[in-house]
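Here the structure comes first, spelled out in structure tokens, and everything after it is commentary.
Every number here is computed from the coordinates shown, using simple stated rules; none is lab data. The model shown is predicted, which means the values in this text are computed figures rather than measured ones. We place every Cβ from the backbone using ideal geometry, glycine too, and count neighbours over all the protein chains shown.
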Amino acid sequence: MKPTLPRALIPVLRRLDDGHFHSGQELAGEFGLSRASVCNLMSLAGDLGVRVHAVRGRGYRLPDAMTWLDVARVSQALAEYAPAFVVHIEEGVDSTNSRLMARAQAGAPEGTVVAVEYQLAGRGRRGRPWVAQLGGNLTFSVLWRFDGGLQAMNGLSLAVGLAVARAVKRSTVQPVGLKWPNDILVERRKLAGILIEAQGDMNEAAFAVVGVGLNVRLSPAQRLAIDQPVVDLVEIGASLDRNALLADCLREMHRAVAQFRTGGFAALRAAWAALDTYAGCAVCVHLADGQQFPGVAAGVDDSGAFLLRTPQGELRPFHGGEISLRLETAK
Ligand code: BTN
């Protein structure tokens, strides 16, 4: 059975979004629950990373304002790009990538988007989990179809990383950077990650499910659960309007994918290089089989491969997949 959230959880949290206290009795009456169920829901919300302010005799309130995802608001913010997307917003799913993959296999059109408030089994690159908090992350997947098959997707992952970085840059004065292949960083801490899952023929019809997870407001517990330096939008003073940010990401992706279709990654390479956080740094490339290659990061080539300047002075390309890039100083 697929994991789910209790049906009343998000409606009750939405009710608390006005910043005022609501008593357990009032919420129980409004949502047809027992007071004990309301109490359990609030405790679950806390476990999922939502700060709930509970005061005996007054009830519950949410101290942090939340903008809940809303299809109408996303469409409005998309403006002239709205017809290019079919946006589905769900409360809790296992993984938006898995959900969209199923829709893609069933023939969903390009531009189908699945965005959620919470993922029960979010997936990251290299088989890692993706840790995100209820309502505190922007978590979505977008479907792109390519007539030229899988081979036409070389460098797509960098193109969409650039698009997300551009969208974030609109809402903050902080410098936003990229780490190959497509992490979005601020002060070398990870703000967002992208997982692309592709299927189809090598040279004919194929599609890519592009999943984006972006930290909006991380709880202390979640920071501890993530094994690398992280940052969220709150820290960088960015707008926390997730509907506007989702629309910005979709719009920038639409533009980047259009450029990518006509000119390949080469058309976006200079823009990507301008945000390359690790260029010129001493790094080590870690392969899935345990091999390690130290050197200096030397940018990317026209196909999106990472270029390592080896200690022998050669330029060695590394292509996608199960590669991890680490700063030597981070050892
Ligand atoms: C990474 O490891 O950096 C990639 C993280 C990708 C997470 C996103 S959240 C939306 C989509 N659904 C998933 O299960 N994963 C991606």
Given 196-204, 110-118, 125-133, the highest-first ranking by average Cβ count within 10 Å works out to 110-118, 125-133, 196-204
Among the Cα-Cα pairs of the range 109-160, the proportion with separation greater than 17 Å, in percent, is 53
Charge dipole of the chain built from unit charges on the beta carbon (Lys, Arg +1; Asp, Glu -1), centred at mean Cα; most positive-end Cα among Cys39, Trp130, Leu120 is Cys39
With T = 4 °C, eta = 1.567 mPa s and Kirkwood Rh from C-alpha pairs, the Stokes-Einstein D of the range 174-331 in µm²/s is about 75
Out of Gly213, Ala238, Gly193 - ranked by how far each Cα lies towards the positive end of the dipole of the range 176-268, with unit charges on the beta-carbon of charged residues - the top one is Ala238
Taking every alpha carbon pair in the range 32-175 and sorting the distances into 5 angstrom bins from 0 up to the bin holding the longest one, the percent per bin comes out as 2, 7, 12, 17, 20, 15, 11, 7, 5, 2, 1, 0, 0
Among Leu33, Leu218, Leu195, the residue with the largest mean-square fluctuation in a Gaussian network model of the chain built from Cα contacts under 10 Å is Leu33
Taking alpha-carbon centroids only, the range 108-162 lies from the range 38-54 a number of Å equal to 28
Quick numbers on the range 103-200, Rg and Dmax over C-alpha atoms in Å, give 14.4, 42
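Using only DSSP helix segments of four residues or longer, with each worth -39500 (n - 2.57), what per-residue ellipticity at 222 nm results for the chain after dividing by its residue count and rounding to 500?
Values: 9 runs with 94 residues, N = 331.
For the chain, the value works out to -8500 deg cm²/dmol.
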Here the averaged projected area of the chain, based on the convex hull of its alpha-carbon atoms and given in nm², is 18.3
